[in-house]
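Step one of this worksheet: look at the structure below.
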Amino acid sequence: MAEPGSHVADSGEWYESQPIEARHGVFLRLITDLLLNDAVFEGTKPQNGAGGCPVLRWCDPENLAARLAEHRPSADGRPATQEQLLAFVRFVVDYSVKTGHPHFFNQLFSSLDPYGLAGQWLTDALNPSVYTYEVAPVFTLMETEILLSMRKLVYGDNHPSAINGDGIFCPGGSMANGCAINLARFKFAPEVKANGLHGMPRLVLFTSEDAHYSVYKMAALQGLGEDGVIVVKTDSEGRMDVGHLETQIEWAIGKGYAPFMVSATAGTTVLGAFDPLPEISRVCEKYGLWMHVDAAWGGGLLFSRSHRGLLAGIERADSITWNPHKLLAVPQQCSTLLLKHKGILSACHSRSASYLFQKDKFYDTSYDIGDKYLQCGRRVDALKFWMMWKAKGTIGLERHVDKIMDNIKYFVQQLQKRKSFKLVLEKPAFANICFWFVPPRLQGTENSPDYWSQIHKVAPKIKERMMKKGSLMVNYQPLRDWPNFFRFVLQSSGTNQKDMDFVLNEIEQLGKDL
Ligand SMILES: *Cc1c(COP(=O)(O)O)cnc(C)c1O
């Protein structure tokens with residue numbers, strides 16, 4: 001980009017939204033180099049000795065707001081110079097958390113996959129919107145095909161549910177869960193699409209106390225109310241208690257409610273537990289309920305022949321939420337809803353807007369898949385996943401999952417060897433390891449009455465220290481009557497045993513005086 005307002009030897013003015021090599025070529029290449037260097041390669045290099053990058057550079061909100069203010073669009077309305085824009089990009093990179101850093105274990109997403117990034121950049125360079133074939137020919141076909149490939153992993157290659165099923169990409173697992181609720185309700189009472197809930201008995205669904213909170217939000221959004229979600233207890237491992245599920249269903253029927261759905265979870269958000277899907281499926285069949293499996297987190301295990309057994313019974317689900325942006329480390333966002341039933345997406349969602357989905361187009365309009373979605377304009381989230389899948393092969397994605405699970409095993413073994421750590425669940429089922437750190441001062445005081453209230457304060461304090469230092473990010477939370485505990489999660493196959501050791505050492509260091 002030239003100095004704003006200055007003349008370059010081509011047509012066009014500096015404000016025009018049109019890429020011109022002579023005007024923007026240098027600028028875009030500088031930005032790309034800066035991103036590759038500062039955000040991608042250097043930004044994800046762990047610190048050892050002098051080199052490497054911290055996970056974050058902590059700045060409190062007031063100070064950061066003041067710094068951000070320096071980068072506001074100019075108050076006098078004038079355009080910025082190239083130098084100002086580059087300084088702004090550097091500021092954004094500097095103060096952003098490096099979620100691709102191997103010591104970022106804070107959430108159910110992490111790592112920066114190079115092929116995923118390439119797919120993300122390719123998507124953005126083309127800026128498509130996947131509603132019609134005419135505007136997104138490649139991506140329309142790509143979405144359809146990748147959803148089929150995912151169903152094949154769920155149901156088996158030639159299974160009718162794989163071939164005849166359906167699916168959509170959603171802007172996040174929460175929306176996928178919401179969409180599942182809407183479809184389940186439509187199956188139960190198709191008249192709701194036109195009439196709303198007017199004149200209906202109270203419609204209720206069931207989920208476990210450890211299910212994702214989006215189930216409540218989406219029930220509220222759809223007029224079922226948060227209280228339309230009936231909570232089922234979990235057992236000591238955090239799995240849905242199927243006996244209690246039946247009790248709750250019977251109770252709801254006794255109240256004159258109309259049960260229509262069970263939302264099971266495969267890989268709960270905090271404990272990583274797997275609800276017993278075969279038993280839940282039997283209950284759903286008995287009462288004629290839609291079976292949804294929220295496998296936002298656990299779905300990626302389907303790639304692993306060694307670990308897919310954790311999802312046994314998922315093939316019985318009517319609908320499945322699966323976020324490839326979690327365990328498979330596809331860049332955000334990449335979330336899907338897979339369906340056993342063909343046609344219901346269209347029947348439930350379509351509105352046939354005549355300005356977009358004209359039926360008299362010159363090509364087969366069944367490729368205009370947009371009308372079965374709830375959104376109108378829609379970002380392409382399939383390409384980055386396709387790119388990764390192609391680059392690594394199914395074998396590579398399997399190795400990715402298996403390595404994570406091996407690292408988890410190592411982490412648990414190392415943790416158990418140290419007396420300052422205590423597991424919340426003795427046998428973690430998945431890639432969430434929940435544990436307490438017990439500072440030396442509290443070791444051996446388990447019987448004192450304020451032991452647990454002391455432990456409750458430890459994780460927040462260590463979290464503050466790790467963030468201010470920038471060395472590590474691991475999340476913590478309380479659950480039920482358990483006081484605050486750390487939840488270590490892994491989705492990066494780029495982390496190694498030395499990173500697992502680093503986490504335990506660092507927490508011990510940060511908390512030794514507490
Ligand atoms: C993360 C998660 C979700 C929500 O997915 P988003 O993409 O963050 O909206 C839903 N269910 C489970 C089990 C999750 O772990």
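The values are calculated or read from the model by the stated rules, or taken from the named source; none is laboratory data. Values in this document were obtained by computation on a predicted structure and should not be read as measured data. No Cβ is skipped: glycine too gets one built from the backbone with ideal geometry, and neighbour counts run over all protein chains shown.
Considering the conditions (1) among the aliphatic types (A, V, I, L, M); (2) modelled with pLDDT under 95; (3) crowded, with 21+ Cβ neighbours inside 10 Å, VAL135 is excluded by exactly one of them, (3).
Looking only at segment 193-228, filter to residues that are out of contact with any strand residue (DSSP E or B) (no Cβ under 8 Å at 6 or more places or on another chain) and over 24 Å from ALA295 (Cα atoms); which one of those is nearest to the ligand (Cβ to nearest atom)?
At the first step, the residues of segment 193-228 found to be out of contact with any strand residue (DSSP E or B) (no Cβ under 8 Å at 6 or more places or on another chain) are 193-196, 198-199, 213-214, 217-218, 220-223, 225-227.
Okay, now just the ones that are also over 24 Å from ALA295 (Cα atoms), so 193-196, 198-199, 223.
Values: LYS193: 24, ALA194: 29, ASN195: 29, GLY196: 25, HIS198: 30, GLY199: 32, GLY223: 21 Å.
That would be GLY223.
Residues that are within 11 Å of the ligand (Cβ to nearest atom) and aliphatic (A, V, I, L, M) were ranked within segment 272-294; the one that is surrounded by the fewest Cβ atoms within 10 Å (Cβ to Cβ) is ALA273. Tell me, yes or no, whether segment 424-437 has at least one residue that is surrounded by fewer than 16 Cβ atoms within 10 Å (Cβ to Cβ) and either β-branched (Val, Ile, Thr) or at pLDDT 95 or above (or both). Looking through segment 424-437, none of the residues is surrounded by fewer than 16 Cβ atoms within 10 Å (Cβ to Cβ) and either β-branched (Val, Ile, Thr) or at pLDDT 95 or above (or both).
Restricting attention to segment 70-113, which residues are of a type in the set (D, E, K, R) and under 22 Å from GLY25 (Cβ atoms)? Spell out how you get there, then give the answer.
Initial filter on segment 70-113 (of a type in the set (D, E, K, R)): 70, 72, 76, 78, 83, 90, 94, 98, 113.
Result: GLU83, ARG90.
Any residue at all in segment 86-95 that is among the aromatic types (Phe, Trp, Tyr) and closer than 26 Å to GLY299 by Cα?
Of all residues in segment 86-95, those among the aromatic types (Phe, Trp, Tyr) come to 88, 91, 95.
Restricting the remaining residues to those that are closer than 26 Å to GLY299 by Cα gives none.
No, segment 86-95 has no match at all.
Looking only at residues of segment 183-215 that are surrounded by fewer than 19 Cβ atoms within 10 Å (Cβ to Cβ) and within 21 Å of the chain's Cα centre (by Cα), we find that the one that is farthest from PRO324 (Cα to Cα) is GLU209. Identify, by number, the condition in (1) part of a helix (DSSP H, G or I); (2) outside the structural domain of ARG308 (by TED's automatic domain parsing); (3) within 16 Å of the ligand (Cβ to nearest atom) that SER111 doesn't meet. Single failed check for SER111: (1).
With respect to MET218, is the statement that it is surrounded by 22 or more Cβ atoms within 10 Å (Cβ to Cβ) and either without any contact (Cβ under 8 Å) to a residue 60 or more places away in the chain or of a type in the set (Ser, Thr, Tyr) (or both) true? For MET218, the condition - surrounded by 22 or more Cβ atoms within 10 Å (Cβ to Cβ) and either without any contact (Cβ under 8 Å) to a residue 60 or more places away in the chain or of a type in the set (Ser, Thr, Tyr) (or both) - is met. Taking VAL424 as the residue in question, decide whether it is hydrophobic (A, V, I, L, M, F, W, C), under 18 Å from PHE105 (Cβ atoms) and free of Cβ contacts under 8 Å to residues at least 40 places away in the same chain. Considered against the rule, which asks whether it is hydrophobic (A, V, I, L, M, F, W, C), under 18 Å from PHE105 (Cβ atoms) and free of Cβ contacts under 8 Å to residues at least 40 places away in the same chain, VAL424 comes out as no. Answer with yes or no whether ALA125 is surrounded by fewer than 14 Cβ atoms within 10 Å (Cβ to Cβ), over 22 Å from the mean Cα position of the chain (by Cα), without any contact (Cβ under 8 Å) to a residue 60 or more places away in the chain and assigned to a helix (DSSP H, G or I). Answer is yes for this residue.
Every residue, every condition in (1) away from the ligand (no atom under 16 Å from the Cβ); (2) in contact with a strand residue (DSSP E or B) (Cβ under 8 Å, 6 or more places away or on another chain); (3) among the hydrophobic types (A, V, I, L, M, F, W, C), yes or no:
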site	(1), (2), (3)
GLY116	no, no, no
LEU122	yes, no, yes
THR132	yes, no, no
PRO137	yes, no, no
LEU141	yes, no, yes
THR144	yes, no, no
LEU153	yes, no, yes
ALA162	yes, no, yes
ALA176	no, yes, yes
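When the criteria are applied in full, THR265 meets the requirement of being modelled with pLDDT of 95 or more, touching a strand residue (DSSP E or B) at 6+ places or on another chain (Cβ under 6 Å) and under 20 Å from ILE181 (Cα atoms). Taking every residue in segment 14-41 that is part of a loop (DSSP other than H, G, I, E, B) and pairing it with any residue that is surrounded by 13 or more Cβ atoms within 10 Å (Cβ to Cβ), at least 6 positions away or on another chain, the pairs with Cβ-Cβ distances below 6 Å are TRP14/PRO4. Determine if segment 160-178 includes at least one residue that is surrounded by fewer than 22 Cβ atoms within 10 Å (Cβ to Cβ), in a loop (DSSP other than H, G, I, E, B) and at pLDDT below 95. Checked segment 160-178: no residue is surrounded by fewer than 22 Cβ atoms within 10 Å (Cβ to Cβ), in a loop (DSSP other than H, G, I, E, B) and at pLDDT below 95. Exactly one residue out of ASP364, ASP368 is charged (D, E, K, R) and either touching a Lys or Arg at 6+ places or on another chain (Cβ under 9 Å) or not assigned by TED's automatic domain parsing to the domain that holds HIS159 (or both): that is ASP368. Being of a type in the set (Phe, Trp, Tyr) and within 11 Å of the ligand (Cβ to nearest atom) is a condition met by no residue of segment 301-313. GLY254 falls short on exactly one of the conditions (1) within 15 Å of the ligand (Cβ to nearest atom); (2) of a type in the set (Gly, Ala, Ser); (3) surrounded by fewer than 18 Cβ atoms within 10 Å (Cβ to Cβ), and that condition is (1).
Residue count for segment 348-369 under the criterion of being in contact with a Leu (Cβ under 9 Å, 6 or more places away or on another chain) and surrounded by fewer than 17 Cβ atoms within 10 Å (Cβ to Cβ): the result is 1.
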